[in-house]
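Since the structure comes first, as structure tokens, the remarks are kept for the end.
The values are calculated or read from the model by the stated rules, or taken from the named source; none is laboratory data. These numbers come from a predicted model, not from an experiment. Positions of Cβ are backbone-derived with ideal geometry, glycine not excepted, and every protein chain shown enters the neighbour counts. All accessible areas refer to the heavy atoms of the entire protein, side chains included, with ligands and DNA or RNA removed. Shrake-Rupley method; radii C 1.70, N 1.55, O 1.52, S 1.80 Å.
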Amino acid sequence: MRILMIAPEPFLEPRGTPISVHQRMLGLAELGHEVHLLAYHVGQDVVLPPGAELHRIPRVPFVKRVKVGPSWSKPLLDMLVLAKAMALMARIRYDVIHSHEEAVFFSSLLARLFGCRHVYDMHSCLSRQLAHSAVWGHRPVARLFEMLEKRIFSSSDAIITIAADLEATVRAANPAASAVTIDNLPVSIRSAGIDPQRVQSLRCQLGGPERVFVVYTGTFERYQGLELLLESAVSASRARPQVKFVLVGAQSHQLQSWQERVRGLGLQDHVAVLERVSPDESLAFQELADILVSPRIAGLTVPLKIYSYLWGGKPIVATDIDAHTAVLDHQTALLVPPDSAALAAGIVQLMDDPELRQGLGTRAQQYAAQNHVLSTYLAKLKLVYDSLEEGQVPMARFDARPAGESS
């Protein structure tokens with residue numbers, strides 16, 4: 001099938017939704033579909049497989065970056081995405097529009113206008129996002145989007161969600177909705193591998209073999225809880241001076257302020273704040289880790305990094321919020337309340353208990369190998385698109401796993 005995938009995102013950037021979009025594009029191409037991805041003008045170009053093409057909106061000179069979540073620049077960029085999508089559809093016959101995030105609101109109409117199927121790839125609850133946004137969180141706006149979202153749940157030919165809580169949201173609004181959850185993949189699934197020399201080089205640069213490295217990789221958005229992590233570093237470093245916190249993922253405009261915070265707390269010897277790196281490079285930092293940490297304080301959707309954390313076989317300390325407990329439990333991670341004292345205590349506990357570290361890491365890796373594998377991911381994606389070709393989407397089929405796969 002020929003698919004127009006519409007993603008109102010920077011492509012590619014090393015953060016959750018753009019990486020998830022990339023995974024979906026690669027998966028569909030691997031299944032033999034022709035995929036044309038339409039995205040914003042910002043982001044890094046990547047090598048795409050045969051059958052995949054990237055289209056961008058025209059460059060907007062005053063928009064150099066696009067922050068996570070709602071912003072004032074998004075309506076303008078999304079209007080350009082709509083115009084570009086219509087231009088593409090006017091000259092190319094597509095069988096399916098596969099929309100991500102807020103592109104769903106016009107993609108549904110385009111599918112009707114051009115007589116093709118529509119798949120909504122749901123990464124978050126948009127009405128809930130808007131309700132908590134400082135920019136767009138006015139109640140009438142949020143209510144309008146909630147109404148529009150419910151209509152989408154009824155009109156889409158298929159809905160793919162990245163987490164069970166999102167599927168539950170869809171079914172609560174429309175029990176008959178054609179919805180299925182396909183978990184994101186660990187970045188390591190498609191990685192060329194980790195260079196041991198690179199990891200050793202990082203260890204030497206950041207403190208040497210005597211250090212115990214506590215590593216965070218991801219964005220520096222407020223909901224990630226990095227202020228909490230920095231507070232925990234104060235008490236953890238006093239209790240165990242050999243600890244070294246490595247925070248990877250600051251954007252260039254964030255780096256200086258975070259480094260100043262570290263100096264202000266006198267933590268220069270115990271905390272390194274580094275700029276964001278490519279998804280593959282982030283795996284080298286995860287391999288460096290003695291302990292991986294996710295201090296997130298808000299959210300329902302599982303952070304994409306958690307899947308890579310699990311695959312890495314390293315012990316994980318994470319806050320016990322829904323975004324984590326949807327995947328993690330006490331067998332695969334040390335779950336702590338979202339406060340700095342509990343986070344510090346959890347890190348110190350793992351530093352002092354090699355047996356616990358080993359057990360958590362081993363069970364995490366086993367869980368990932370059973371539940372987050374490429375074959376299952378592709379099989380579920382194939383069922384969605386096979387059903388579209390058959391003219392129906394019997395979602396009950398998605399509960400059945402391919403032969404040989406574990407639940």
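Considering each of R56, R2, R15, R65 in turn, give the residue that is open to solvent by 40 Å² or more (accessible area, probe 1.4 Å), at pLDDT below 95 and among the basic types (K, R). Break it down into steps so the answer makes sense when it comes.
Numbers: R56 fails: at pLDDT below 95; R2 fails: at pLDDT below 95; R15 fails: open to solvent by 40 Å² or more (accessible area, probe 1.4 Å).
Checking each option against the conditions leaves just R65.
Residue check, Y307 against (1) of a type in the set (S, T, Y); (2) closer than 21 Å to Q358 by Cα; (3) surrounded by fewer than 20 Cβ atoms within 10 Å (Cβ to Cβ), all met but one. Which one?
(3)
Output the number of the condition that A168 fails; it satisfies all remaining conditions of (1) open to solvent by 40 Å² or more (accessible area, probe 1.4 Å); (2) touching a residue at least 24 places away in the same chain (Cβ under 8 Å).
Single failed check for A168: (2).
Take segment 189-210 and flag every residue that is open to solvent by less than 30 Å² (accessible area, probe 1.4 Å), at pLDDT 95 or above and either closer than 18 Å to Q242 by Cα or in contact with a strand residue (DSSP E or B) (Cβ under 8 Å, 6 or more places away or on another chain) (or both).
Across segment 189-210, the qualifying residues are L202, L206.
Does any residue of segment 119-136 turn out to be among the small types (G, A, S), at pLDDT 85 or above and part of a helix (DSSP H, G or I)? Before you say what the answer is, go through the steps one by one.
First, pick out the residues of segment 119-136 that are among the small types (G, A, S): 124, 127, 131, 133-134.
Now narrow it down to the ones that are at pLDDT 85 or above: 124.
Now narrow it down to the ones that are part of a helix (DSSP H, G or I): none.
Checking segment 119-136: not a single residue is among the small types (G, A, S), at pLDDT 85 or above and part of a helix (DSSP H, G or I).
Matching residues to (1) modelled with pLDDT of 95 or more; (2) in contact with a His (Cβ under 9 Å, 6 or more places away or on another chain); (3) surrounded by 15 or more Cβ atoms within 10 Å (Cβ to Cβ); (4) under 26 Å from K150 (Cα atoms):
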position	(1), (2), (3), (4)
V42	yes, no, yes, no
A52	yes, yes, yes, no
L110	yes, yes, yes, yes
L113	yes, no, no, yes
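Output the residues belonging to segment 314-363 that are of a type in the set (S, T, N, Q) and assigned to a loop (DSSP other than H, G, I, E, B).
First, pick out the residues of segment 314-363 that are of a type in the set (S, T, N, Q): 319, 325, 331-332, 340, 349, 358, 362.
Within segment 314-363, Q331, T332 qualify.
Quick one: would you say I182 is open to solvent by less than 10 Å² (accessible area, probe 1.4 Å), touching a Leu at 6+ places or on another chain (Cβ under 8 Å), farther than 26 Å from P337 by Cβ and not aromatic (F, W, Y)? Before you say what the answer is, go through the steps one by one.
Values: open to solvent by less than 10 Å² (accessible area, probe 1.4 Å): yes; touching a Leu at 6+ places or on another chain (Cβ under 8 Å): yes; farther than 26 Å from P337 by Cβ: yes; not aromatic (F, W, Y): yes.
Considered against the rule, which asks whether it is open to solvent by less than 10 Å² (accessible area, probe 1.4 Å), touching a Leu at 6+ places or on another chain (Cβ under 8 Å), farther than 26 Å from P337 by Cβ and not aromatic (F, W, Y), I182 comes out as yes.
Just one of L300, L388, L383 is part of a helix (DSSP H, G or I), closer than 30 Å to P175 by Cα and open to solvent by 20 Å² or more (accessible area, probe 1.4 Å); which is it? Walk me through how you get there before you give the answer.
Details: L300 fails: part of a helix (DSSP H, G or I); L388 fails: open to solvent by 20 Å² or more (accessible area, probe 1.4 Å).
Only one candidate qualifies: L383.
Do we find a residue being surrounded by fewer than 18 Cβ atoms within 10 Å (Cβ to Cβ), at pLDDT below 95 and in a helix (DSSP H, G or I) anywhere in segment 216-237?
Checking segment 216-237: at least one residue is surrounded by fewer than 18 Cβ atoms within 10 Å (Cβ to Cβ), at pLDDT below 95 and in a helix (DSSP H, G or I).
Using the structure shown, decide if L274 is without any contact (Cβ under 8 Å) to a residue 60 or more places away in the chain, part of a strand (DSSP E or B), open to solvent by 20 Å² or more (accessible area, probe 1.4 Å) and farther than 30 Å from E146 by Cα. Step through it out loud before you land on a result.
Working: without any contact (Cβ under 8 Å) to a residue 60 or more places away in the chain: yes; part of a strand (DSSP E or B): yes; open to solvent by 20 Å² or more (accessible area, probe 1.4 Å): yes; farther than 30 Å from E146 by Cα: yes.
Taking the combined requirement at face value, the residue satisfies it.
Taking segment 312-326, which residues are over 15 Å from the mean Cα position of the chain (by Cα) and either open to solvent by less than 20 Å² (accessible area, probe 1.4 Å) or under 21 Å from S282 (Cα atoms) (or both)?
G312, G313, K314, P315, I316, V317, A318, T319
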